[in-house]
Amino acid sequence: MSAETHMRREIFEIPQAVETLLAEGAPGIAKAADALSALDPHFIISVARGSSDHAATYFKYASELLAGLPVASVGPSVASIYGRKLRLAQSACLAVSQSGKSPDIVRMAEMATQQGALSIALTNHTDSDLAQVSTHALDLHAGAELSVAATKTFVTSAVSAVWLLAEWQKDRAVLDALHALPDALDKAAHLDWSALASEAASHQSLFCLGRGPALAISNEAALKFKETCQLHAESYSSAEVLHGPVSIVDRGFPVIALTAADQAEASLVDVADKIAGKGASVFVTSDTATCATPLPTARTAHPLLDPIALIVSFYAMVERVALARGINPDEPRHLKKVTETV
């Protein structure tokens, strides 16, 4: 198997994809942000699946932290299978789909628009069905993504989401930090997480931990372990893992604890150290741990953006794990690039 996979090439294209997004996406972001300002929504719903849903989870935390506005994930089947209409006046709907083709996502976004929500689509295909039924369609500018495992489109979805919020809220600190992000992502892609890779490759099950915005990254990491490495990985908030799941941890059990340099770091590191004290092989993206093994990190210019850099480092590592296990991460078994669910 060639060591140069589409996935690896696309991971190293992420900084340039974000640079392109920041250079070309401003008009669409500004227009959607102005619409949010004019509406002043009471709440936001998100509609997505898979990696796109993890980007929506990141958006949820960013919205609640930056704008003080709650975001609820709504199951697309409410519209597509059950045919129900939701009371969405004075709300906004964020639908995330790299292809914009999945019928259930399209149907939910369409229903939201019809019910009076300001509907905003994040998609890599602005000519898609999802774009057509949404009030605003924001181009991810990720370019072609050939690997089944989404990397560029996840990152550009997360960047678009937080950029939209920062533009809406006129948060200068986040806006300035966004324009320094490509350099941080380039550094993140080259960090050495081989110690974690070796542990993960030699086990069949592991935990991913996060808290706050980094929980979205933990969710995405667990999914990538499953789809690219055929490993059983579960994602938990560090506030939940000690409430039962920790019981299955035994000596050498791999755990990756993903934290930004924010207010959640101390509590997550404390949990990582406690699990390491039980004999688990715990790796954490912090240099404050006393028992867990620290991983090198590329911090950004704002803690809210740190999780985006973390996932880039993770992607570069997990692609190596897949190859070490003899698996082609570009073509995970049973999967295809566009999954269309009803």
Å² of accessible area per residue within the chain, as computed with a 1.4 Å probe and no ligands counted: 39
Under 29 Å from the Cα of Lys187 - lysines, other chains or at least 8 residues apart: Lys60, Lys152, Lys170, Lys224, Lys226, Lys337
Neighbour net charge for Pro27 - beta-carbon separation under 12 angstrom, K R +1, D E -1: -3
Separation between Cα centres of region 77-120 and region 135-177, rounded to whole Å: 20
Nearest 10 degrees, 0 to 90: helix 26-39 Cα axis against the chain principal axis: 70
Part-to-part distance (alpha-carbon centres) for region 4-60 and region 269-342, which is given in Å: 21
Dipole axis of the chain (+1 Lys, Arg; -1 Asp, Glu on Cβ), positive-most option in Ser281, Val162, Ser80: Ser80
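Nearest 500 deg cm²/dmol is fine: what mean residue ellipticity at 222 nm does the chain get from its DSSP H runs of n ≥ 4 alone, each adding -39,500 (n - 2.57), divided by its residue count? Working shown, then result.
Values: 14 runs with 160 residues, N = 342.
Computed ellipticity for the chain at 222 nm equals -14500 deg cm²/dmol.
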Charge tally in the Cβ shell below 15 Å around Ile275, where Lys, Arg are +1 and Asp, Glu are -1, Ile275 excluded: -2
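Would you mind working out the magnitude of the charge dipole of region 204-275 relative to its Cα centre, with +1 at each Lys and Arg C-beta and -1 at each Asp and Glu C-beta, to the nearest 20 Debye?
Working: 5 positive and 9 negative charges, 34 e Å.
Roughly 160 debye for region 204-275.
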GNM result for the chain, Cα springs below 10 Å: residue of Pro245, Pro15, Pro254 fluctuating most strongly: Pro245
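Leaving ligands, DNA and RNA out of it, report the carbon-plus-sulfur percent of the accessible area of the chain at a 1.4 Å probe. Present the calculation step by step, with values, prior to reporting the outcome.
Values: 6650 of 13480 Å².
Roughly 49 percent of what the probe reaches on the chain is carbon or sulfur.
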Length released on extending from Phe12 to Gln230, taking residue separation times 0.36 nm less the Cα-Cα span: 76.2 nm
Net +/- balance of residues flanking Leu242 in space, Cβ distance below 13 Å, scoring K and R +1, D and E -1: 0
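For region 1-57, rounded, prolate or oblate, judged on the Cα gyration tensor with a ≥ b ≥ c (square roots of eigenvalues), a/c < 1.5 rounded, else prolate if a/b > b/c? Present the calculation step by step, with values, prior to reporting the outcome.
Working: a/c = 5.69, a/b = 1.80, b/c = 3.16.
Cα axes put region 1-57 in the oblate bin.
The values are calculated or read from the model by the stated rules, or taken from the named source; none is laboratory data. Just so we're clear, the structure is a prediction, and the values are computed from it rather than from any experiment. FYI the Cβ positions are ideal-geometry reconstructions off the backbone, even for glycines, and counts take in every protein chain you see. Accessible surface areas use protein heavy atoms only, side chains included; no ligands, DNA or RNA. Shrake-Rupley method; radii C 1.70, N 1.55, O 1.52, S 1.80 Å.
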